[in-house]
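The values are calculated or read from the model by the stated rules, or taken from the named source; none is laboratory data. These numbers were taken from a predicted model, which means no experiment stands behind them. No Cβ is skipped: glycine too gets one built from the backbone with ideal geometry, and neighbour counts run over all protein chains shown.
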């Protein structure tokens, strides 16, 4: 059964269509990335999954439990780290985590609370008031709060926005471990290298619609490919290579450097052979691997 | 059940951690009312035969404190959580709307009763009090607190900013409390205002509560109790419906 099943979800805020028929299936055990520019609808979608917002149309189910009609079971299976840095100023870290456990029906949860605090380097702050914590520490508590009930599905909405390198590493180590142990993880982030390193599959949202959905590696291969960057000492680019040029402005007369699209490594040999035949002299040459950022930019600009 | 218990416990802890502000301050305010109005009006006003004005005033002030603090607790807790955003901690777990309703309202009732008891403990020193029907005292205190706690919940759900909540409090709760006969018997009013007072549910709460002390009231306490229960049921069903629909909480 799918960890999260999203079917034709629509949501409008007055005249703004935030989500326009989003369908996604996230399988159990996946590390799934939800990417898109600001205002693409990522947080709205997560809020609907979490039951914080209600969809105008369509449905969302967690392990088969509808988030509206069967909300108690759906929410029990879900841990959400909200994007906003929120906290309750009346309580200490330990009180906060005990209270959150209680909301999920757990009474004696201290062993797990201690373990979560240990993995997030929070143990030394256990009895500190929430107000006294730095932003990074508050973020850790938010992550811990989402995990008190050991949810099989964990959703993190930009957990590393404005967070230092140390916490990012601590956090990803812990989340990756949870994923290895079988938890499904859904992540939104603006750091595409993080998404590329962690997510086995990504969906890209734009204007409230899914514009790309694939495994991270095949998305990179399919959409961006690699680039062979050639600078010529003399001669011109043969006509048959011109369609491979990725940036049209490189074709204006006087330019000597070209970025050529390469889908397979064998194509490099062909390109070199053609250049040799045309009599062009190569001054410099290197192969550039595409990454998720290239894919992101190409998709968001509407270039496929 | 654990979810409800935890939210209730958290709501109690929230006001108890700042008890100077949430318990001691309202007790002091009530004592000041008693000292000043008691001093000025004692000997000039006699509402019921054989009952001094200060003694008449004590139950009114106790009930006013119960009502205002019950309202303040649920409404301010909700609006603070909404504005700071930490209401998500309550909205994300599998708490049902009845659990959320019950926890917020019961905690507010507890605060109202704690403050009311405090006010009574201090003001009773200044007057000779009798307890003709203690059950009526308890029933009206609890029902009144539950009504205002529910109104506080509704106001907290509806308000988006502190000034909207303040408007609810200043233009609805305060006038309804002051015009309910806290400081006087509505029988001393001109007929028109007497009739208006009878349309104010708060009047029945305070009148019935006072009956418990003196065995005298403007209205039969059974009638008052009926009015108060009906009013409470209407508010409860409205509040629970708001919570269930997610109005202003789950957009």
Query raised in the report: Within the stretch B:198-211, can one find any residue that is surrounded by fewer than 21 Cβ atoms within 10 Å (Cβ to Cβ), part of a helix (DSSP H, G or I) and without any contact (Cβ under 8 Å) to a residue 12 or more places away in the chain?
Result: no
**Report entry** Enumeration of residues in the stretch B:212-251 that are touching a residue at least 24 places away in the same chain (Cβ under 8 Å), buried (at least 16 other Cβ atoms within 10 Å of the Cβ), within 14 Å of chain A (Cβ to nearest Cβ) and not in a helix (DSSP H, G or I)
**Finding:** B:249, B:250
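Is it the case that the stretch B:186-197 has a residue that's under 28 Å from residue B:12 (Cα atoms) and either out of contact with any helix residue (DSSP H, G or I) (no Cβ under 6 Å at 6 or more places or on another chain) or away from chain A (no Cβ under 14 Å) (or both)?
No, every residue in the stretch B:186-197 fails to be under 28 Å from residue B:12 (Cα atoms) and either out of contact with any helix residue (DSSP H, G or I) (no Cβ under 6 Å at 6 or more places or on another chain) or away from chain A (no Cβ under 14 Å) (or both).
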Query raised in the report: Could you list, in sequence order, the residues of the stretch A:63-79 that are more than 11 Å from chain B (Cβ to nearest Cβ) and assigned to a strand (DSSP E or B)?
Result: A:66
Query raised in the report: Does the stretch A:82-95 contain any residue that is part of a helix (DSSP H, G or I), crowded, with 18+ Cβ neighbours inside 10 Å, touching a helix residue (DSSP H, G or I) at 6+ places or on another chain (Cβ under 9 Å) and more than 14 Å from every other protein chain (Cβ to nearest Cβ)?
Result: no
Report task. Kindly indicate whether any position in the stretch B:158-173 is farther than 26 Å from residue B:32 by Cβ and crowded, with 17+ Cβ neighbours inside 10 Å. Result -> yes
Report task. Check B:181, B:116, B:85 and return the single one that is at pLDDT 95 or above and either more than 14 Å from chain A (Cβ to nearest Cβ) or more than 20 Å from residue B:26 (Cα to Cα) (or both). Result -> B:116
Query raised in the report: Can you tell me which of A:111, A:61, A:57 is in contact with a strand residue (DSSP E or B) (Cβ under 8 Å, 6 or more places away or on another chain) and surrounded by fewer than 19 Cβ atoms within 10 Å (Cβ to Cβ)?
Result: A:57
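Among the listed residues A:29, A:33, A:58, A:39, identify the single one that is touching a helix residue (DSSP H, G or I) at 6+ places or on another chain (Cβ under 9 Å), part of a loop (DSSP other than H, G, I, E, B) and away from every other protein chain (no Cβ under 12 Å).
Details: A:33 fails: part of a loop (DSSP other than H, G, I, E, B); A:58 fails: part of a loop (DSSP other than H, G, I, E, B); A:39 fails: touching a helix residue (DSSP H, G or I) at 6+ places or on another chain (Cβ under 9 Å).
Checking each option against the conditions leaves just A:29.
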Report summary line: Apart from one, (1) part of a helix (DSSP H, G or I); (2) under 29 Å from residue B:232 (Cβ atoms); (3) in contact (Cβ under 8 Å) with a residue 40 or more places away in the chain all hold for residue B:33; the odd one out is (3)
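Identify, please: which residue in the stretch B:2-17 is crowded, with 19+ Cβ neighbours inside 10 Å and more than 7 Å from chain A (Cβ to nearest Cβ) and is, among those, modelled with the lowest pLDDT?
B:15
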Requested in this report: Please specify each residue of the stretch B:18-36 satisfying the condition of being in contact with a helix residue (DSSP H, G or I) (Cβ under 6 Å, 6 or more places away or on another chain) and more than 14 Å from every other protein chain (Cβ to nearest Cβ).
Outcome: B:23, B:26, B:27, B:30, B:31, B:33, B:34
Query raised in the report: Can you spot a residue in the stretch A:270-286 that is under 21 Å from residue A:220 (Cβ atoms), loosely packed, with under 12 Cβ neighbours inside 10 Å and modelled with pLDDT under 85?
Result: no
Report task. Please state which of the following conditions residue B:98 fails to meet, knowing it meets all the rest: (1) more than 14 Å from chain A (Cβ to nearest Cβ); (2) at pLDDT 95 or above; (3) surrounded by fewer than 16 Cβ atoms within 10 Å (Cβ to Cβ). Result -> (1)
Requested in this report: Return a yes/no flag: does the stretch A:162-183 have any residue that is crowded, with 19+ Cβ neighbours inside 10 Å, out of contact with any helix residue (DSSP H, G or I) (no Cβ under 8 Å at 6 or more places or on another chain) and assigned to a loop (DSSP other than H, G, I, E, B).
Outcome: yes
